[in-house]
Amino acid sequence: MKYFLTFILLVTATFTKAQIRLEQKDLNNLIAISELYSYNTNAKGDKFAKAIDSLRTPKLNHIIDALIAVGKGDMTILENRFLERPDNEELVLWYVIREIHYNRINEKLTPRPVAVVANEVLSKKIDSLWLLGNYYYRIHGGIATLFNDADLSKHNFNIDGLGFKDETEKAIFFLNMMNTLVGGRFKVLQMMKNNKKILEFCDKLPKFNDKEYFYFKNFDYDDFDWIGYDKTESYNERHIGGFYSILIAQFSAIAELRGKKDAQEIYFNSILHEPKYFKFTPSKGDLQSLYDKSK
């Protein structure tokens, strides 16, 4: 019996007990914010900012502040009050925003009443890792906009000081930030064969825990199912796989334009040289061959 109870505690530990009861005004305003967001996911414009600002309540203030910061796309979005891990209750409210948005745009399903969607989210248990990833995805637009022009090379993300509960949560933050900053950009630039531009963005990237991003290798957590827009997949295949694409893009660009020594720094200090993670990327065959030659 003792071991059974321990097992149950372990299984439920990663789930947030939603079952959150909101005051009617909080619920109504959260639904209104969600609908406004769904039609303007980058939170752009004074009209949007004024509209959600009028929906403030003490419980919703941080959500509204974050969305306004996303719309501005300036250094405000990098303040710790937005990068720090929100508490579980707020994370659930952000998930309401997500689900109301997907309820509207999913062409495969008939949209349900928004109040039904909101109450369903508030009443069920949701994996806290899904909740956390969703939060950083919802604010990513402001960071991406900022990085269009900003040089963040002197900025440091102190991951250890952002209130994460374990290494999995730290990895979720890191992988989300890297994808936001250069994931999509590098894919486009690689197709355009513009290695010079790839390196221009690399030179503007921030540090993580006072080191270049490619030194981050803390991925020794159990893989888990990840629910995207309309399908469930391996978290690591999607996100570590995407991170490999970033590393490969920079490694290839540096090897071509800056030489072997700089390329070796990235290779030997990153997961490009860690075979245990190769299984998460379609490039595993090429990486294994390169690794075998490097020994």
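Which residues, taken from the range 54-74, are part of a helix (DSSP H, G or I) and either hydroxyl-bearing (Ser, Thr, Tyr) or surrounded by fewer than 13 Cβ atoms within 10 Å (Cβ to Cβ) (or both)?
At the first step, the residues of the range 54-74 found to be part of a helix (DSSP H, G or I) are 61-72.
Correct list: Asn61 only.
Here is the figure for the range 144-160: residues that are surrounded by fewer than 12 Cβ atoms within 10 Å (Cβ to Cβ) and assigned to a helix (DSSP H, G or I) total 1.
Across the range 125-143, the number of residues qualifying as surrounded by 14 or more Cβ atoms within 10 Å (Cβ to Cβ) and assigned to a loop (DSSP other than H, G, I, E, B) comes to 1. Annotation: Glu120 fulfils all but one of (1) of a type in the set (Asp, Glu); (2) more than 24 Å from Asp223 (Cβ to Cβ); (3) surrounded by fewer than 14 Cβ atoms within 10 Å (Cβ to Cβ); the unmet one is (3). Out of curiosity, is Ile240 in contact (Cβ under 8 Å) with a residue 60 or more places away in the chain, among the aliphatic types (A, V, I, L, M) and under 19 Å from Leu129 (Cβ atoms)? Spelling it out, Ile240 is indeed in contact (Cβ under 8 Å) with a residue 60 or more places away in the chain, among the aliphatic types (A, V, I, L, M) and under 19 Å from Leu129 (Cβ atoms). If the condition is being basic (Lys, Arg) and farther than 13 Å from Phe157 by Cα, then the range 199-217 contributes Lys204, Lys217. Please verify whether Glu233 is out of contact with any Lys or Arg (no Cβ under 8 Å at 6 or more places or on another chain), part of a helix (DSSP H, G or I) and either hydrophobic (A, V, I, L, M, F, W, C) or over 17 Å from Asn269 (Cα atoms) (or both), treating the condition exactly as stated. Criteria not met by Glu233. Taking the condition assigned to a helix (DSSP H, G or I), closer than 14 Å to Ser270 by Cα, in contact with a helix residue (DSSP H, G or I) (Cβ under 9 Å, 6 or more places away or on another chain) and of a type in the set (A, V, I, L, M), does Ile254 pass? No; evaluated as a whole, the condition is false for this residue.
Could you tell me whether Arg81 is part of a helix (DSSP H, G or I), charged (D, E, K, R) and within 25 Å of Ser234 (Cα to Cα)?
Values: part of a helix (DSSP H, G or I): yes; charged (D, E, K, R): yes; within 25 Å of Ser234 (Cα to Cα): no.
Answer is no for this residue.
Looking across the range 181-201, not a single residue is part of a loop (DSSP other than H, G, I, E, B) and touching a Phe, Trp or Tyr at 6+ places or on another chain (Cβ under 8 Å). In the range 91-116, the residues that are of a type in the set (Ser, Thr, Tyr) form Cβ pairs under 7 Å with partners that are outside any helix (DSSP H, G or I), at six or more places apart or across chains, as follows: Tyr95/Ile126; Tyr102/Tyr229.
Picking from residues in the range 257-295 that are surrounded by 14 or more Cβ atoms within 10 Å (Cβ to Cβ) and among the acidic types (Asp, Glu), the one that is nearest to Ala171 (Cα to Cα) is Glu265. Tell me, please, whether a residue that is touching a Lys or Arg at 6+ places or on another chain (Cβ under 6 Å) and touching a residue at least 24 places away in the same chain (Cβ under 8 Å) can be found in the range 134-141. Yes, some residue in the range 134-141 is touching a Lys or Arg at 6+ places or on another chain (Cβ under 6 Å) and touching a residue at least 24 places away in the same chain (Cβ under 8 Å). Pairs linking a residue in the range 197-212 that is assigned by TED's automatic domain parsing to the domain that holds Asn176 and among the hydrophobic types (A, V, I, L, M, F, W, C) to a residue that is modelled with pLDDT of 95 or more and in a loop (DSSP other than H, G, I, E, B), with Cβ atoms under 7 Å and 6 or more positions apart or on different chains, are Leu205/Leu152; Leu205/Ser153; Phe208/Phe216. For the range 138-185, the set of residues classified as under 24 Å from Ser234 (Cβ atoms) and of a type in the set (S, T, N, Q) consists of Thr168, Asn176, Asn179, Thr180, listed by residue number. Could you tell me whether any residue of the range 218-233 is within 24 Å of Leu152 (Cα to Cα), under 18 Å from the mean Cα position of the chain (by Cα) and in the same structural domain as Leu290 (by TED's automatic domain parsing)? Among the residues of the range 218-233, at least one is within 24 Å of Leu152 (Cα to Cα), under 18 Å from the mean Cα position of the chain (by Cα) and in the same structural domain as Leu290 (by TED's automatic domain parsing), which makes the answer yes. Checked against (1) touching a helix residue (DSSP H, G or I) at 6+ places or on another chain (Cβ under 8 Å); (2) outside any helix (DSSP H, G or I), Met178 passes all but a single condition, namely (2).
The values are calculated or read from the model by the stated rules, or taken from the named source; none is laboratory data. Fair warning: this is a prediction, and the values are worked out from it, not measured in the lab. No Cβ is skipped: glycine too gets one built from the backbone with ideal geometry, and neighbour counts run over all protein chains shown.
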